[in-house]
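K.L.:
Structure in structure tokens, see below.
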Amino acid sequence: MEPLIIAFVLATFLFSAFLKGTAGLGFATTCLGVMAGYLDLRVAIPLVIIPSLMSNALVMIEAGDFFRVLKMFRVMLAATIPGLLLGLWILSDAHSDIPRGVLGIAMVMYGLWGLWGKTVSIGHNPLIATGTGFVTGVVNGLTGSQIMPVLPYLMSLPITKDELVQAINTSFTFSSIIMLAGMGKFGLLSVDVVILSVAGIIPVGVGIWLGGKVRRRLPEAVFRRVVLVLLCLLGLSLTGRAFF
């Protein structure tokens, strides 16, 4: 890659990590949305996976209470794995632009509803948790997005912002590890891509640290509004990439 492109990649990592540290989500989708303007997505997706895993790990450490949250959502997380495998299998024989666009529209609609509508509280339910995990896996495998419907489900629960951030990032980590294994199997991880991806850990760490400082200063209500606004923006990004 040319030096200017490498600089753009590292700057994209920093910006996306800052958003991730602030809201607890959006690193991979933001990165891919920005990189699509100057890189082939077949290059961008492998570039993002290692910094994405690092961003998840850093946010999980910063949020705390990992094992307690893991125990709370173990059913949902376990159900994500077969869903993701099914989604990847479907993707191998399907055109992904339409599903990605539909998902983007759904994200925007949910974000707007959450900003101006009422919050629904459904409480902890093993059946709903299983269904949410499985569908989230299918959607992730089919479209590359990791936040639907797991984010609306988690936001409907009576949990704190740190518990929400911990739970959503644990889900992201499970999915990213499986995606990393799949890309390695299909030969998408070249040496150059891996080197640049590993170098991205530094700006990701800085961005997560800065974003985490902002998040700790946000009241619960403001934090949830920030998450919903970011969800709308990510949905618009997915829709634009699919239809335009």
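The values are calculated or read from the model by the stated rules, or taken from the named source; none is laboratory data. For clarity, every value in this text was computed on a predicted model and none was experimentally measured. Here the Cβ is made from the backbone with ideal geometry for all residues, glycine too, and neighbour counts use every protein chain on show. In case anyone asks, the SASA skips ligands and DNA or RNA and just uses the protein heavy atoms, side chains included. Shrake-Rupley method; radii C 1.70, N 1.55, O 1.52, S 1.80 Å.
K.L.:
Collect the residues in region 196-227 that are assigned to a loop (DSSP other than H, G, I, E, B) and either under 19 Å from Asn56 (Cβ atoms) or not aliphatic (A, V, I, L, M) (or both), keeping them in residue-number order. Walk me through it before giving the result.
P.N.:
First, the residues of region 196-227 that are assigned to a loop (DSSP other than H, G, I, E, B): 200, 217-219.
Selection gives Gly200, Arg217, Pro219.
K.L.:
Select from region 176-196 the residues that are under 17 Å from the mean Cα position of the chain (by Cα) and modelled with pLDDT of 85 or more and list them in ascending order.
P.N.:
Answer for region 176-196, where residues must be under 17 Å from the mean Cα position of the chain (by Cα) and modelled with pLDDT of 85 or more: there is none.
K.L.:
If you go through region 173-184 one residue at a time, do you hit one that is under 20 Å from Tyr110 (Cα atoms), part of a helix (DSSP H, G or I) and either open to solvent by 10 Å² or more (accessible area, probe 1.4 Å) or in contact with a helix residue (DSSP H, G or I) (Cβ under 6 Å, 6 or more places away or on another chain) (or both)?
P.N.:
Step one: list which residues in region 173-184 are under 20 Å from Tyr110 (Cα atoms), which gives none.
Within region 173-184, not a single residue is under 20 Å from Tyr110 (Cα atoms), part of a helix (DSSP H, G or I) and either open to solvent by 10 Å² or more (accessible area, probe 1.4 Å) or in contact with a helix residue (DSSP H, G or I) (Cβ under 6 Å, 6 or more places away or on another chain) (or both).
K.L.:
Looking at Gly133, Gly137, Gly141, which one is farther than 15 Å from Gly235 by Cβ, among the small types (Gly, Ala, Ser), surrounded by 16 or more Cβ atoms within 10 Å (Cβ to Cβ) and modelled with pLDDT of 90 or more?
P.N.:
Gly133
K.L.:
Can we say Gly26 is open to solvent by 20 Å² or more (accessible area, probe 1.4 Å), farther than 19 Å from Ile195 by Cβ and in contact (Cβ under 8 Å) with a residue 40 or more places away in the chain?
P.N.:
It is false that Gly26 is open to solvent by 20 Å² or more (accessible area, probe 1.4 Å), farther than 19 Å from Ile195 by Cβ and in contact (Cβ under 8 Å) with a residue 40 or more places away in the chain.
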